[in-house]
Amino acid sequence: MVYSDGRAPAETDEFTRDFYNEHGDISGMSPDQFATLVGLSSARYESLPYHGYAHPMQVMWDAASKKKKFGLKLSPENQAGLIVGSAYHDVGESNPAEERHHKSPEEFSIVSMYQDQDQLGFEEDVMEIAKKCIAATTPGRFKHREPEPRIL
C-alpha cells in the first residue's frame, strides 16, 4: 500500500509483532486476528500527516498501556472492542467530507469498521464496544461511564 501522496505507510508488520509481544494478552484476540485488524484498519487511512496509520498505532499502544497501568479488569470482548475502536477511530479524519458522503468523521469511521466486520471475525458485542469507543472521540463527548470509551 502507498498513500495517495506517494508516502509509504507506517511499518505495520513491525508494529504488529511488537504490540503483540508487549500487549497480546490485553488485545483480547489471537495474533492472527490482531494482524488482520492492523492490516484492514491501516488500509483505511489516507495521507494526513497526523492521521496516517502511525497515529492509531500509537493510540492502540497507549490504550493497552493504560489498561495495564491502571489494572483495569476487562473481559476479552471489552479488551478487543477497545483495541478495534483504537484502530479505526480516526479513519474518517483522513477522508474529505465528500468522500465520507458528508458523514461526520466518527460516523464514517464506524461505517468503515462495520464494512470490515466479516474479515475481522468479531461478534456484534465486540463491534458495539468498538463503536462506543469511536463515538467517544467526537469533540465535546467526554461523559462516558464505561471504561473503554474513557480510555480512548
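A crude spin-label estimate for the pair ASN21 and LYS66, with each label 7 Å from Cα along the Cβ direction, gives 2.6 nm. Among the listed pairs LYS67/LYS131; LYS103/LYS131; LYS68/LYS131; LYS66/LYS132, a Cα-Cα separation exceeding 20 Å is found for LYS68/LYS131. 3J(HN,Hα) along the stretch 106-112: 5, 4, 5, 4, 5, 4, 4 Hz, from the Karplus curve 6.51 cos²θ - 1.76 cosθ + 1.60 with θ = phi - 60°, whole Hz, x for Gly and Pro. Accessible surface for THR12 stands near 30 Å², nearest 10, in the context of the full protein assembly shown (1.4 Å probe).
The phi torsions of the stretch 96-101, fed into the Karplus equation with coefficients 6.51, -1.76 and 1.60 and a -60° offset, translate into couplings of x, 3, 5, 6, 7, 6 Hz, rounded to whole numbers, with Gly and Pro shown as x.
The values are calculated or read from the model by the stated rules, or taken from the named source; none is laboratory data. Being a predicted model, the structure only gives us computed values, none of them experimental. Note: ideal-geometry Cβ built from the backbone for every residue, glycine included; neighbour counts use all protein chains shown. Note: accessible area is taken over every heavy atom of the protein model, side chains too, but ligands, DNA and RNA are not part of it. Shrake-Rupley method; radii C 1.70, N 1.55, O 1.52, S 1.80 Å.
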